[in-house]
Amino acid sequence: MNPKWFGDSYDIVKRYLIDNLKNIEYRVFADPMSTNDWKDDIEKYYLFIGASPLPADSPDSKALFIDPDTGVSNKKSNQHISMNSLMGKLEEFEIVFAFDQSFSRVGDQAGKMKEKLSQIAKTGNFGFYYNSHAKFLFCCASQAKLENVVKQLLSTGLPKERILKTRNFT
């Protein structure tokens with residue numbers, strides 16, 4: 001997350017997603033993956049999106065939001081989290097989701113999202129995308145827990161067409 005974008009419409013979507021996880025009893029932590037100095041605004045970031053800083057140790061029913069500047073890639077960088085790192089976070093968190101804008105504006109975005117979901121499936125985990133102008137990749141080791149997240153989002157009136165998944169659930 002580049003602090004110069006703090007407070008934009010993507011952050012409002014982040015808050016919506018985090019609030020929905022809280023509605024189903026998840027405690028949500030965030031890793032902003034800062035690309036620039038936040039100065040004193042980092043606390044405002046956590047307040048605005050409704051998440052807590054990464055814990056030293058944390059309780060059960062926890063979710064992690066990862067906020068890279070660009071998104072999810074096969075290689076980790078200052079602006080990307082790698083798919084391997086994302087899957088590794090599932091050892092500590094029940095639900096892991098990441099902001100993912102790593103798509104060309106031209107081309108087959110749905111196909112690229114399906115490729116990433118297939119990568120998740122190959123690890124034995126489950127995933128879906130919230131697919132809008134702001135894209136978010138969700139993953140979980142438990143199909144039932146991920147289905148619960150989808151049901152919660154759909155219960156708010158979110159059109160089911162905004163959920164892109166490759167595995168057959170909910």
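The values are calculated or read from the model by the stated rules, or taken from the named source; none is laboratory data. These numbers were taken from a predicted model, which means no experiment stands behind them. Here Cβ is always computed from backbone atoms with ideal geometry, including for glycine, and neighbour counts include all displayed protein chains.
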Worksheet item: Looking only at segment 104-118, which residues are touching a helix residue (DSSP H, G or I) at 6+ places or on another chain (Cβ under 8 Å) and more than 26 Å from residue 16 (Cβ to Cβ)?
Response: none
Item to complete: For residues that are in contact with a helix residue (DSSP H, G or I) (Cβ under 7 Å, 6 or more places away or on another chain) and surrounded by fewer than 23 Cβ atoms within 10 Å (Cβ to Cβ), scanning just segment 137-152, find the one that is nearest to residue 96 (Cα to Cα).
Response: 141
Worksheet item: Looking at segment 130-164, which of its residues are assigned to a loop (DSSP other than H, G, I, E, B), under 13 Å from the mean Cα position of the chain (by Cα) and within 14 Å of residue 21 (Cβ to Cβ)?
Response: none
Worksheet entry | Selection within segment 79-113 - outside any loop (DSSP other than H, G, I, E, B) and either at pLDDT below 80 or at positive phi (or both) | 80, 81
